[in-house]
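What follows is a short report on a single structure.
The values are calculated or read from the model by the stated rules, or taken from the named source; none is laboratory data. Worth saying up front: this structure is predicted, and the values here are computed from it rather than measured. Counting neighbours? That spans all protein chains shown, and the Cβs are built from the backbone with ideal geometry, glycine included. Each accessible area value is taken on the protein alone, full model and side chains, heavy atoms only, with ligands, DNA and RNA left out. Shrake-Rupley method; radii C 1.70, N 1.55, O 1.52, S 1.80 Å.
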Amino acid sequence: MCGIVGYIGAQQAAPILLDGLSKLEYRGYDSAGICVYSAKGFQIEKTKGRLAALRTATADGASMTGTIGIGHTRWATHGAPSHENSHPHLSANGKICLVHNGIIENYLILKEFLLAQGKTFCSETDTEVAANLLEYYYELEGDLLRAVRRTTEKLCGSYALGILCADRPDSMIAVKKDSPLIFGFGEGENFIASDVPAILRYTRKVVYLNDGDMVEFTANGATFYNALGEQVSKTPEHITWEMSAAEKGGFPHFMLKEIHEQPKALRDTISPRVKNGRVVLDDIKLTPEYLRGIRRIYIVACGSAYYVGCLGKYILEKTCRIPVEPILASEFRYSEPVLGDDSLVIIISQSGETADTLAALREANTLGARTLAIVNVVGSAISKAAHDVIYTWAGPEIAVATTKAYSTQLSVLYLLALYIGDALGTLSAEEYNAMLHALVALPEQLTQVLSEENLAHIEALAQEYKSHHDVFFIGRNLDSATCLEGSLKLKEIAYVHSEAYAAGELKHGPISLIEDDTLVVAVATVPALFEKTMSNVKEVKARGANVLGLTTVDFADEIAKTVDRPLLVPRTHPLLQPSLNVVPLQLLSYYVALARGCDVDKPRNLAKSVTVE
Ligand code: G6P
């Protein structure tokens, strides 16, 4: 959600900025712009729509000369996607030029103040307010660094800012709060960006800026300041993953590539934490004494990560016998949750930057709960703010719709369930071993789900279903939570209206919507509930539904008697079954989206990382 790139060095800036922005497209955007500074002053190009339009407008950057610049992809919040509202924004006197990611919540009050000071505006954005406020303080202070500090003191909300000033043509200032920003050290060149892929081609030496951090840099050096304005030194982290991990590697879409990466992602996440037949979580410091004192577990997250939490309720309650409440971060933060030191709050987030999730985590910390984050992006705000962190080693996830991050988050919940269940003695040795054995075997079983034959079958099903406008996903117990994710995927990337219902709830409303040829996806993999779900299937079939039934190979014959089309997955331990079930549903959405001509990796109106409330 909004992407920032900044460059100072010896090379032409514009092509580097365009290249960097292209690596941030996954964040979601609806307009883009770059600004390059040279002896001619600021040159700004902005376009509504895709980056390709900006490339054309600048002849791939060749029309803009200068070795210092900032670039931005904008996901509209304040004001429609338009040329005027696109970044970079100039201040009224044209001296300050900046890009911004985040939301300035008090921008209206600040705008009134600035209008009264005679400042003029040409966009509807909150960002232009930041540019003019900085100009105001710069005029007052005569010192740019102090002016930036005074400006940020006045801003409520979130921001990552990349700032150029015509009076200091060789340097750039960047500052951040609650929006991601990294600094990249090059040789005779330096960078800022919202995320590593934007600059990985140029450097692997990266600093993740903390909230309140500010950096002033030139081509040859950088000075860092902390939130108190004190000069601090920063030790860069070395990025070890390859760019190919963030590129398509022969697949037509990132989403398909990431679906196929799931066996490896699971293996990378699980194996380092299993030693000599035990789950070892060196990363966290939850002592058996602390675990024995937990009275309630909350799982807080947004989107698909929340649906992992819905599965977590079944998994952790069964293994640890502690009540578990999954709750949406956007609800949790305003619900005055009843928390204390006997509550464990598990925060799940791929990006580690989701605004609501981060705010919920801070609320939980304030209320005295212990917080444990399951995060994919190392160094992200959530990973830093939580008491404990378990990383999902999924690698960079680029497609907006999550697949491998979801699967690895789920695998971490299994590790946690084993770890806590073992510490509390709520899991027998036999149950522990059976579950751990199944967990270690999951990557191999996932490979079977991704067989050519299975893919072809699901693609054919998608062709058959591509014109359906309403789809119902039904299932019981763990399967009902898997349905939530299956249904979300179809909405997100194929733009098909779909609903997920606990199968037992059908008769309490949704069955009235079933008519001739309504597509119903029935997930029936919980052995003890198979017959019950089949009864629900018969009810919808009696009303004309067209039913796709997902079950395990050992129910192949039974399901064939009831549904129109069966879809089979291997059998695993009952609690782990959702890990295998979700993959065909991801593929079904992917192929339906393809058949409907949708932009799979960048679905309309959605962003990979929702860094605004
Ligand atoms: C967006 C993404 C989803 C993701 C959700 C939460 O909606 O499109 O795939 O599940 O945000 O993001 P997080 O980074 O916190 O997991």
The listed residue being modelled with pLDDT of 90 or more, under 22 Å from Leu311 (Cβ atoms) and not aromatic (Phe, Trp, Tyr), out of Arg362, Arg370: Arg370
query: Does Leu54 qualify as being within 14 Å of Met172 (Cβ to Cβ), in a helix (DSSP H, G or I), without any contact (Cβ under 8 Å) to a residue 60 or more places away in the chain and not assigned by TED's automatic domain parsing to the domain that holds Glu397?
result: no
task: Please enumerate the residues belonging to the stretch 449-487 that are open to solvent by less than 10 Å² (accessible area, probe 1.4 Å) and in contact with a Gly (Cβ under 7 Å, 6 or more places away or on another chain).
output: Phe473, Thr482, Cys483
task: Scan Leu567, Leu588 and give me the residue that is more than 16 Å from the ligand (Cβ to nearest atom) and crowded, with 23+ Cβ neighbours inside 10 Å.
output: Leu588
task: Spot the failing condition for Ile398; the list is (1) of a type in the set (A, V, I, L, M, F, W, C); (2) open to solvent by less than 10 Å² (accessible area, probe 1.4 Å); (3) within 13 Å of the ligand (Cβ to nearest atom), and only one is missed.
output: (2)
message: On the basis of being more than 11 Å from the ligand (Cβ to nearest atom), closer than 25 Å to Ser194 by Cβ and in contact with a helix residue (DSSP H, G or I) (Cβ under 9 Å, 6 or more places away or on another chain), does Ala355 make the cut?
response: no
query: Within the stretch 488-504, is even one residue touching a residue at least 60 places away in the same chain (Cβ under 8 Å), charged (D, E, K, R), open to solvent by 30 Å² or more (accessible area, probe 1.4 Å) and not in a strand (DSSP E or B)?
result: yes
field: Every pair of residues 6+ apart whose Cβ atoms lie under 7 Å, when the first sits in the stretch 413-439 and is within 14 Å of Ile315 (Cβ to Cβ) while the second is open to solvent by 50 Å² or more (accessible area, probe 1.4 Å)
entry: Thr426/Arg321; Tyr432/Asp422
query: Identify, please: which residue in the stretch 17-26 is open to solvent by 10 Å² or more (accessible area, probe 1.4 Å) and assigned to a helix (DSSP H, G or I) and is, among those, farthest from Met64 (Cα to Cα)?
result: Tyr26
- line: When the stretch 331-346 is checked residue by residue, the ones that are surrounded by fewer than 20 Cβ atoms within 10 Å (Cβ to Cβ) and either within 14 Å of the ligand (Cβ to nearest atom) or charged (D, E, K, R) (or both) are Glu331, Glu336, Asp341, Asp342
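The rows are residues; the columns are (1) part of a loop (DSSP other than H, G, I, E, B); (2) without any contact (Cβ under 8 Å) to a residue 24 or more places away in the chain; (3) closer than 30 Å to Lys248 by Cβ.
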position	(1), (2), (3)
Gly544	yes, no, no
Glu558	no, no, no
Pro578	no, no, yes
Leu587	no, no, yes
Ala593	no, no, yes
Val610	yes, no, yes
- request: Can you give me the ranges of the helices (runs of 4 or more DSSP H) entirely in the stretch 403-466 with at least 3 residues that are among the aromatic types (Phe, Trp, Tyr)?
  value: 404-424
field: Any chance Thr77 is among the polar types (S, T, N, Q), under 23 Å from Ile96 (Cβ atoms), touching a residue at least 60 places away in the same chain (Cβ under 8 Å) and crowded, with 19+ Cβ neighbours inside 10 Å
entry: no
message: Could you list, ordered by first residue, the pairs with Cβ atoms under 7 Å in which the first is in the stretch 298-326 and of a type in the set (Asp, Glu) and the second is within 16 Å of the ligand (Cβ to nearest atom), at least 6 apart or interchain?
response: Glu325/Tyr298
task: Would you check if Gly69 is in the same structural domain as Met214 (by TED's automatic domain parsing) and modelled with pLDDT of 95 or more?
output: yes
task: Could you check Arg204 against (1) out of contact with any strand residue (DSSP E or B) (no Cβ under 7 Å at 6 or more places or on another chain); (2) open to solvent by 60 Å² or more (accessible area, probe 1.4 Å); (3) farther than 21 Å from Ala381 by Cβ and say which number it fails?
output: (1)
- line: Among Ile299, Ile315, Ile327, Ile294, the single one that is crowded, with 18+ Cβ neighbours inside 10 Å and in a loop (DSSP other than H, G, I, E, B) is Ile294
statement: Apart from one, (1) of a type in the set (D, E, K, R); (2) out of contact with any strand residue (DSSP E or B) (no Cβ under 6 Å at 6 or more places or on another chain); (3) in contact (Cβ under 8 Å) with a residue 60 or more places away in the chain all hold for Arg565; the odd one out is (2)
task: Within the stretch 601-613, work out how many residues are more than 7 Å from the ligand (Cβ to nearest atom) and buried (at least 22 other Cβ atoms within 10 Å of the Cβ).
output: 3
task: Identify, from the list Pro272, Pro252, the residue that is closer than 30 Å to Glu452 by Cα, assigned to a loop (DSSP other than H, G, I, E, B) and either of a type outside the set (Lys, Arg) or assigned by TED's automatic domain parsing to the domain that holds Ala405 (or both).
output: Pro252
query: Which one is farthest from the chain's Cα centre (by Cα) among residues in the stretch 347-382 that are assigned to a helix (DSSP H, G or I), aliphatic (A, V, I, L, M) and surrounded by 24 or more Cβ atoms within 10 Å (Cβ to Cβ)?
result: Ala364
- request: Look through the stretch 176-190, keep the residues that are surrounded by fewer than 24 Cβ atoms within 10 Å (Cβ to Cβ) and modelled with pLDDT of 95 or more, and return whichever of them is nearest to the chain's Cα centre (by Cα).
  value: Phe185
task: Please enumerate the residues belonging to the stretch 96-120 that are open to solvent by 80 Å² or more (accessible area, probe 1.4 Å), in contact with a Phe, Trp or Tyr (Cβ under 8 Å, 6 or more places away or on another chain) and outside any helix (DSSP H, G or I).
output: Gln117
query: Do you know which residues across the stretch 216-247 are assigned to a strand (DSSP E or B) and either modelled with pLDDT under 90 or over 30 Å from Val400 (Cβ atoms) (or both)?
result: Glu216, Phe217, Ala222, Thr223, Phe224, Tyr225, Gln231, Val232
